[in-house]
Structures are given as structure tokens and as C-alpha cells.
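First comes the structure, then the notes that go with it.
The values are calculated or read from the model by the stated rules, or taken from the named source; none is laboratory data. It should be emphasised that the depicted structure is a prediction, and the values quoted were computed from it without experimental measurement. Methodologically, a virtual Cβ is constructed for each residue, glycine included, from the backbone with ideal geometry; neighbour enumeration extends over all protein chains shown.
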Amino acid sequence: MAAERTLERRFGPVTGACVVIANMIGVGVFTTTGYLLHDLGSPLVVLAGWLVGAVAALCGALCYAELGAALPENGGEYKLLSRIMHPYVGFLAAWTSLVVGFAAPTAMMGLAFGSYLQTLLVEDGSPAALVVRKVAAVAVIGLLAVVHSVHVGLGGKLHSLLTVLKVSLLFAFIGCGLMAMQPGRLVEGAAASDALTLFSAPFAVGLYYIAFTYAGWNSAAYLAGEIRDPEKNVPRALFAGTGLVCLIYLAFNVVLLASGPSEAIAASGDRVALVAAKGLFGERWGGLVAVIVAVGLVSTVSSQLLAGPRVSEAVGRDYPRLAWLSTRRAAGGPVYATLLQAGLAIGLALASGFETLLTYVGFLLSLFAALTVLGVVLLRRNEPGLARPYRVWAYPAPVVVVVALEGWMLVQAIRSRPEIVVAGLATLAVGSVLYVVVGRRAV
């Protein structure tokens, strides 16, 4: 474990918060609301879903803050679950993080970046459209992987710059949208039965996708081993990043849902932001929104390639047969871990579409997030003497909220989308085989 302590703590709370913000604000907020309105029918019910997602994310951040401050090492769920439960559980979490938590979302964000960039360059349906999307996805993933591999400081500064730009553009859109929107649109289709919808299977499945959009609130924990004064700065990064994004999401969705007729928003598919912008400001503003989304997605790809390889690197430090994953250049990031994630992401982007990847990602992420939050209870029971610079506020309420909500969503997903469970179990089976192959930890 000595090798873990030699990592230089280069990042402050601002970079940590930027990693959280950039990981959370991805393609989901620009695409999910149209599908949700189509399935749930009422703008108020959709907003209720986003509010529930915000509560769950904040409760999760409270729990991860205690764990990250007490155990400030790179690796996120891998390190935490290996210590709290068993190395096998931690290894499965690391494998899931590599494929499901980071490579697949990186591919999704790359494809979405290509899709929005394509709207600026060529017409939909043209022979060049698909080529532009795929080439743009590969280019943005490849270039950012090189930057984060070669120089940690440069990658951190570029990432912070992109995140600040993304948030500024979003605030500008929200501010203008609040002045141009039609508030009456928010109550279209409202009925007394909406209260029952909040307990229905479609609402639970909707939360499943909302939870994916909020995913990333735990990102600062992945690089806790490189954050200065982690006892203070990991909780600060988690709270500041998660809280700001929750406010942005709620305000942004108010603007989207009040931008035009519910029928048009529900039929907009994955380009709800473009449809909303045209409804609020006119046709000519569609290009500006495409630029905002594209910039935001570059920032999210950057955050995935900054946080994700730290998990694989931590595995390499613990398992001799995977030691190559922990290789770093002088002043650089984990080279092979970054290139591995980027390579997997590029392969997924070339072989799959956005919707296929979205369906695949959420199930296992919800499972391991719930297990890690439950780890707060287990760690307090198993290691009561461990120094805890931060303790969960209102404990155990945040733990109960996250575990109960994630559990309900998982049950509903199993009932309504069994193919998701099959894909998730297949992923865990491959991870189990790899765990046997790589052998014992060196610690």
C-alpha cells in the first residue's frame, strides 16, 4: 500500500468539484426529459422525478463524503468495497466501473458529441451524417486520453476550464429561458391521478434513467488519493459539485418543459434541448444550443477519462498480474489504464448506438452505488475506532433513502426490462472469471 501514498496530491477542492460537475452534466440532461414526458404524460410528474433524483444524489454524496474522508485513496468503490466487504466484491466493482461506469458512458458522450456536432456540419440523414458522428466521437475520446495520460496538471487545468465554460453556458441558457418560457405549460395534462403515477412502475423506470443522468455525484472519491487535505476537500468537492448540479438540473428542466406544447416536447426524442431552444427563441438559435451541448459533452468525456483510470490504476497496484495498469509517466496520469478505457470506449462507440449503451449502463451502477452507501453502516460496525473527519449528517436517514430508492428501482427494472438484468449478470460473470485468473492481491 505504500505505493498509493507516493501519489502527489495535485488537486484542490475546485478541481474535485469540477470533476463531479463534469461527470454529472452529460448527455442525459439534454436528452432524457423528452422520453420521460412521453412515458409519464405530465410535466409536473417529470419534475417530481428530477426532484427525487436530486434528493438521492445529495444523500449519496453525504455518504460518500464520510467514506472518502475516512479512506482517502484513489479507486472509489473498488477500494471501499474491497475493505468493507471483500476483495471479490471490490474487484467486481472495479470491473463494472471500467466497462459500465466509464468506458460505456465515455462512448455515449462521444457519440452524443458527434451527433450535436453533426447538426452544425451536415444535414440529418445525409450519407456523411453517421461518418461525422463516429469520427467526432473517436477524435474527442482519443485526444483527451492523450492529454490526461501525458500531463496531470495540464489535464486538470483543461478539465476545469471546460467545466467552467459548460456551466456558464448552461446558466446563460437557463437565465434566458426563464424569461422566455410559458409557465402555464408546466401544468398541461395535470390530473389528480398524477399522485398515483409517482408510485407506478413507469415512474420507477423513469427514475432509473434520471439516476443515470445524476450519476457522477461520487466522482471526487475516485481521485481522493490525489486531492490535497482530503479529510476536508473530498466532502467539499462532493457537496459543492452535487448541490450545484442539482440546482442546474431542476432549473434546466423547468425551462425545457415550459418551452412549448407538451406534445412537441414528448415527441422530441434525444434532441429535446434543440426543440426547446427553437420553441423559446426561434429556429436560428438551434445552432447555439448544439454548441452548448457539444462543449458540455467534451467536458464530460474529459471527466470520465480523468476519474475512471484511477480505478484501474488502483487495481494494478493491488494485483501483480495487472501491475501494468498502474504505470505512470513523470507528471503524467496512469498511461495504460487511460488508454485501456479510451480503447474500450472507442470500440463501443464504433460498434453500438447511443440508446443501446444507455439501456446497458444504469442497472449495475445502481447496484454498486447502493452497496457502497450501505458500506457506511458496515464500516461503522466493523471499524468503530477508525478516524472519521466527516460523519454523515442526519445518519442513518441518507443511507436509508439511497438504499431504499435504488432497491425499488432495481426491482422495477428487473420486472420491466429483464434483458438489462441478463446483460448485467453476464458482465459480472466475466468479472468473476477475471478475478480467478488474476489471482490474489499483493496486499
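Pick out the one residue from G260, G243 that is surrounded by fewer than 21 Cβ atoms within 10 Å (Cβ to Cβ), out of contact with any strand residue (DSSP E or B) (no Cβ under 9 Å at 6 or more places or on another chain) and modelled with pLDDT under 80.
Working: G243 fails: modelled with pLDDT under 80.
The unique qualifying residue is G260.
Only one of V289, V254, V298 is in contact (Cβ under 8 Å) with a residue 12 or more places away in the chain, under 18 Å from the mean Cα position of the chain (by Cα) and under 26 Å from G53 (Cα atoms); which? Outline the logic, then answer.
Numbers: V289 fails: under 18 Å from the mean Cα position of the chain (by Cα); V254 fails: under 18 Å from the mean Cα position of the chain (by Cα).
Sole residue among the options that is in contact (Cβ under 8 Å) with a residue 12 or more places away in the chain, under 18 Å from the mean Cα position of the chain (by Cα) and under 26 Å from G53 (Cα atoms): V298.
Look through L379, L405, L367 and report the one residue that is of a type in the set (A, V, I, L, M), at pLDDT 85 or above and within 22 Å of H86 (Cβ to Cβ). Spell out the reasoning first.
Numbers: L405 fails: within 22 Å of H86 (Cβ to Cβ); L367 fails: at pLDDT 85 or above.
Being of a type in the set (A, V, I, L, M), at pLDDT 85 or above and within 22 Å of H86 (Cβ to Cβ) holds for just one of L379, L405, L367, which is L379.
Looking only at segment 284-302, filter to residues that are small (G, A, S) and farther than 16 Å from D124 by Cα; which one of those is surrounded by the most Cβ atoms within 10 Å (Cβ to Cβ)? So that I can check it myself, show each step before the final result.
Taking segment 284-302 as the starting set, the residues that turn out to be small (G, A, S) are 286-287, 290, 294, 296, 299, 302.
After this cut, where a residue has to be farther than 16 Å from D124 by Cα as well, the list is 294, 296, 299, 302.
Numbers: A294: 21, G296: 28, S299: 27, S302: 31.
If we take residues in segment 284-302 being small (G, A, S) and farther than 16 Å from D124 by Cα, then S302 is surrounded by the most Cβ atoms within 10 Å (Cβ to Cβ).
Only one of these conditions is not met by Y116: (1) farther than 18 Å from L288 by Cα; (2) surrounded by 22 or more Cβ atoms within 10 Å (Cβ to Cβ). Which number is it?
(1)
List every residue pair whose Cβ atoms sit under 6 Å apart, with the two residues 6 or more apart in sequence or on different chains, where the first one lies in segment 415-436 and is aromatic (F, W, Y) and the second, anywhere, is loosely packed, with under 12 Cβ neighbours inside 10 Å.
none
Residues checked against (1) out of contact with any Pro (no Cβ under 8 Å at 6 or more places or on another chain); (2) within 14 Å of L367 (Cβ to Cβ); (3) of a type outside the set (D, E):
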residue	(1), (2), (3)
G385	yes, no, yes
Y395	yes, no, yes
V399	yes, no, yes
W408	yes, yes, yes
E419	yes, no, no
G424	yes, yes, yes
G431	yes, yes, yes
V438	yes, no, yes
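Out of L178, L161, L144, L186, I need the residue that is surrounded by 14 or more Cβ atoms within 10 Å (Cβ to Cβ), within 26 Å of S115 (Cβ to Cβ) and modelled with pLDDT of 75 or more. Which one?
Numbers: L178 fails: within 26 Å of S115 (Cβ to Cβ); L161 fails: surrounded by 14 or more Cβ atoms within 10 Å (Cβ to Cβ); L186 fails: within 26 Å of S115 (Cβ to Cβ).
None of the other options fit; the residue is L144.
Only one of V46, V55 is assigned to a helix (DSSP H, G or I), of a type outside the set (F, W, Y), at pLDDT 85 or above and surrounded by fewer than 18 Cβ atoms within 10 Å (Cβ to Cβ). Can you tell me which? Before you say what the answer is, go through the steps one by one.
Working: V46 fails: surrounded by fewer than 18 Cβ atoms within 10 Å (Cβ to Cβ).
The match here is V55.
Go through segment 58-96 and give me each residue that's aliphatic (A, V, I, L, M) and not in a helix (DSSP H, G or I). Lay out the reasoning, then the answer.
At the first step, the residues of segment 58-96 found to be aliphatic (A, V, I, L, M) are 58, 61-62, 65, 67, 69-71, 80-81, 84-85, 89, 92-94.
If the condition is that a residue be aliphatic (A, V, I, L, M) and not in a helix (DSSP H, G or I), then L71, M85 are the ones that fit.
Among the residues of segment 174-229, which ones are within 28 Å of V19 (Cβ to Cβ), assigned to a helix (DSSP H, G or I) and among the aromatic types (F, W, Y)?
Across segment 174-229, the qualifying residues are Y208, Y209, F212, Y214, Y222.
State the number of residues belonging to segment 386-443 that are among the small types (G, A, S), outside any helix (DSSP H, G or I) and closer than 23 Å to V376 by Cα. First the steps, then the outcome.
Here is the first cut: in segment 386-443, the ones among the small types (G, A, S) are 387, 394, 397, 404, 407, 413, 416, 423-424, 426, 429, 431-432, 439, 442.
So of that shortlist, the ones also outside any helix (DSSP H, G or I) come out as 387, 394, 439, 442.
Now restrict to residues that are closer than 23 Å to V376 by Cα: 387, 394.
Residues flagged as among the small types (G, A, S), outside any helix (DSSP H, G or I) and closer than 23 Å to V376 by Cα within segment 386-443 amount to 2.
Please work out which residue is nearest to A370 (Cα to Cα), limiting yourself to segment 393-434 and to residues that are among the hydroxyl-bearing types (S, T, Y) and surrounded by fewer than 17 Cβ atoms within 10 Å (Cβ to Cβ).
The initial filter retains those residues of segment 393-434 that are among the hydroxyl-bearing types (S, T, Y), namely 395, 416, 427, 432.
Going one step further and asking which of them are surrounded by fewer than 17 Cβ atoms within 10 Å (Cβ to Cβ), we end up with 395, 416, 432.
Details: Y395: 16, S416: 20, S432: 20 Å.
Ranking the qualifying residues of segment 393-434, first place goes to Y395.
Where residues in segment 219-238 are of a type in the set (A, V, I, L, M, F, W, C) and at pLDDT below 85, which of them is farthest from V311 (Cα to Cα)? Show your work before the answer.
So the first thing to find is which residues in segment 219-238 are of a type in the set (A, V, I, L, M, F, W, C), and the list is 220-221, 223-224, 227, 234, 237-238.
From what's left, at pLDDT below 85: 220-221, 223-224, 227, 234.
Values: A220: 12, A221: 10, L223: 8, A224: 11, I227: 15, V234: 16 Å.
Among residues in segment 219-238 that are of a type in the set (A, V, I, L, M, F, W, C) and at pLDDT below 85, the one farthest from V311 (Cα to Cα) is V234.
Run down F212, F203 and say which single residue is touching a residue at least 60 places away in the same chain (Cβ under 8 Å), among the aromatic types (F, W, Y), surrounded by 15 or more Cβ atoms within 10 Å (Cβ to Cβ) and closer than 26 Å to T15 by Cβ. Break it down into steps so the answer makes sense when it comes.
On the way: F203 fails: closer than 26 Å to T15 by Cβ.
Testing whether each residue is touching a residue at least 60 places away in the same chain (Cβ under 8 Å), among the aromatic types (F, W, Y), surrounded by 15 or more Cβ atoms within 10 Å (Cβ to Cβ) and closer than 26 Å to T15 by Cβ leaves just F212.
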